[in-house]
Amino acid sequence: MSQRVYLAIDLGAESGRVMAGLWNGKTIRLEEIHRFANGPVHLADSLRWDVMRLWAEIQTGLAMAARKYGKSIVSVGADTWGVDYVLLDRRDEMLGQPYAYRDARTNGMMEKAFRKVSRAEIFAQTGLQFMQFNSLFQLLAAKQHTPELLDATDCLLFMPDFIHWALCGSRVAEFTIASTSQCLNPLTRNWASGLLKKFGLPARIFPKVVPPGTRLGALRPGVADRTGLRKVNVVAPPAHDTGAAVAGVPTANTGKANWAYLSSGTWSLMGVEVRKASLSARTRELNLTNEGGLDGTYRLLKNIMGLWLVQQCKRAFDARGRKYEYAQLAQMAAKAPALRSIVNPDDSRFLNPPDMPKAIQDFCRETKQPVPKTEGELVRCAYESLALKYRQTLGWLEELTGNRIEDIHIVGGGSKSGILNQFAADACQRPVITGPVEATALGNLLVQVRASGELASLAEIREVVRKSSDVATCRPGKPAAWEDASARFADLTRAR
């Protein structure tokens with residue numbers, strides 16, 4: 001068969017890309033067409049996304065793809081991070097500049113919500129981990145601070161859904177991204193209208209939920225003219241980037257719960273693929289989440305603060321004139337004393353501190369541990385603490401599923417971190433299979449391939465990933481030291 005090309009728009013919190021997937025009927029080869037910076041913008045006392053600039057960059061990337069691949073291009077789809085949204089009025093005008101999830105307006109909003117509807121009832125209706133930036137709490141903040149915008153809203157679109165609207169005019173919510181909102185019922189797979197009503201939120205603004213792989217329509221004529229793309233369909237992939245990444249895990253055990261995934265980047269999302277959402281009191285107590293996956297699956301997982309700790313340490317070091325590459329910081333961490341100081345990565349102080357090294361030092365000081373001082377000590381503390389959180393989460397996942405997890409697949413940009421991968425293997429005492437780095441793009445693209453009728457199942461998608469990617473394995477070692485550190489970590493997280 002002749003080569004067919006599929007395009008993925010993949011937006012992360014730090015950068016965005018337009019990626020091409022070159023499909024020959026058996027394997028897929030990735031090519032980065034256009035990369036551009038992303039990041040929240042401070043506006044007055046708020047934190048926003050510059051979606052107009054992102055849309056301009058996306059169109060630039062699509063035009064570059066059109067010039068290179070022309071009529072070979074079949075379809076395009078977008079994935080992004082979860083929870084954030086754009087509001088449109090009846091005339092499709094944007095209402096305000098979209099907030100970024102780390103904006104402070106949701107501080108204290110969960111506690112206010114629990115006074116109206118219990119934590120147990122919210123979990124029973126949504127099955128989602130409680131995090132203050134979930135869309136539900138963002139909407140409650142909007143109701144409190146900008147009620148006039150909600151009154152004028154005709155449609156809420158999550159970030160990838162907004163990109164699809166800009167591409168083809170669709171007004172829908174793809175299932176995996178909708179499931180990050182804490183507004184979706186995991187049993188009905190539709191909006192939790194009763195819960196929304198109790199909070200006084202307008203259920204009418206939530207669009208139809210569609211499954212990943214849905215054909216959304218052809219490009220708007222204006223987009224086709226500006227980019228040079230012709231007869232190209234817009235297909236909704238798993239639009240939550242982690243949903244796409246899990247589809248791109250190269251496991252041969254699809255349908256079994258004996259493997260775990262860890263999508264490693266700014267956030268670490270660690271979980272298992274299950275057929276039904278887990279809504280037990282124990283799941284709620286452990287604050288795990290049920291997010292939608294491909295083919296009706298759910299991702300039972302824990303959102304963990306992730307490499308954000310290291311990224312923000314680097315940012316602080318840079319600001320002080322001590323500029324290092326990540327590889328240099330990893331080398332310095334490798335030389336620092338082992339398991340000397342640990343933190344709880346999910347402590348709220350680490351969500352968006354002005355000075356991450358100081359936040360880590362304060363935590364260690366308050367918990368009567370040696371205070372890390374050097375760059376290597378600080379970064380090692382972050383890496384080891386993440387590995388211990390992975391171990392803790394692994395135990396919870398095994399408890400909830402009743403299955404022993406035999407191996408852990410680490411995918412995404414963080415899978416390039418050799419030191420963290422080895423720490424994860426050592427802490428969890430499981431083989432860690434690393435790669436592909438581009439699991440999100442692969443999952444996005446291969447769902448589009450399947451939508452065109454060339455693949456039949458999730459298992460087939462993953463077989464293509466295995467054939468198209470390089471992976472490596474980290475074997476566990478040094479169990480004794482990590483056993484002791486795990487006990488210390490459990491005490492720390494219980495105490496806080």
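The values are calculated or read from the model by the stated rules, or taken from the named source; none is laboratory data. In this text the structure is predicted, and so the values were computed from the model without any measurement. Every residue, glycine as well, gets a Cβ built from its backbone with ideal geometry; the counts of neighbours run over all protein chains shown. Please note that ligands, DNA and RNA were not included when accessible areas were found on the heavy atoms of the full protein model with its side chains. Shrake-Rupley method; radii C 1.70, N 1.55, O 1.52, S 1.80 Å.
A few comments on the model shown:
- DSSP bridge pairs, the chain: antiparallel proportion in percent, nearest 5: 70
- Computed lengthening from D347 to D362, 0.36 nm per intervening residue step minus Cα-Cα distance: 4.2 nm
- Sites listed here are GluC sites (Glu not before Pro) in region 90-168 whose DSSP assignment is loop and whose Cβ has at most 13 other Cβ atoms within 10 Å: E93.
- Dividing the mean sequence gap of close Cα pairs (under 8 Å, 6+ apart) by how many residues region 298-357 holds gives a relative contact order of 54 percent.
- Computed from point charges on the beta carbon alone (+1 for Lys and Arg, -1 for Asp and Glu), the dipole magnitude for the chain about its Cα centre is near 180 Debye.
- Across K208/K389; K302/K478; K68/K208; K26/K276; K276/K314, pairs whose alpha-carbon gap is larger than 28 Å: K208/K389; K68/K208; K26/K276; K276/K314
- Accessible area in the full protein assembly, largest first, 1.4 Å probe, for K478, K231: K231, K478
- Separation between Cα centres of region 287-310 and region 377-416, rounded to whole Å: 12
- Each of H34, H145 has its accessible area taken with a 1.4 Å probe; listed largest first, they run H145, H34.
- Mean projected area of the Cα convex hull of region 246-382, taken over all directions, amounts to 10.1 nm².
- For the chain, relative contact order (Cα pairs under 8 Å, six or more residues apart, normalised by length) works out to 15 percent.
- Kyte-Doolittle at least 0.0, axis length at least 20 Å by Cα - qualifying DSSP helices, the chain: 51-69
- Gap separating the Cα centres of region 1-74 and region 438-485, nearest whole Å: 21
- Local charge for N190 was computed over the other residues whose Cβ lies under 15 Å away, with Lys and Arg +1 and Asp and Glu -1, and equals +3.
- Accessible-area order (highest first, 1.4 angstrom probe) of the listed residues L301, L187: L187, L301
- Centre-to-centre separation between the Cα atoms of region 105-180 and those of region 267-284: 20 Å.
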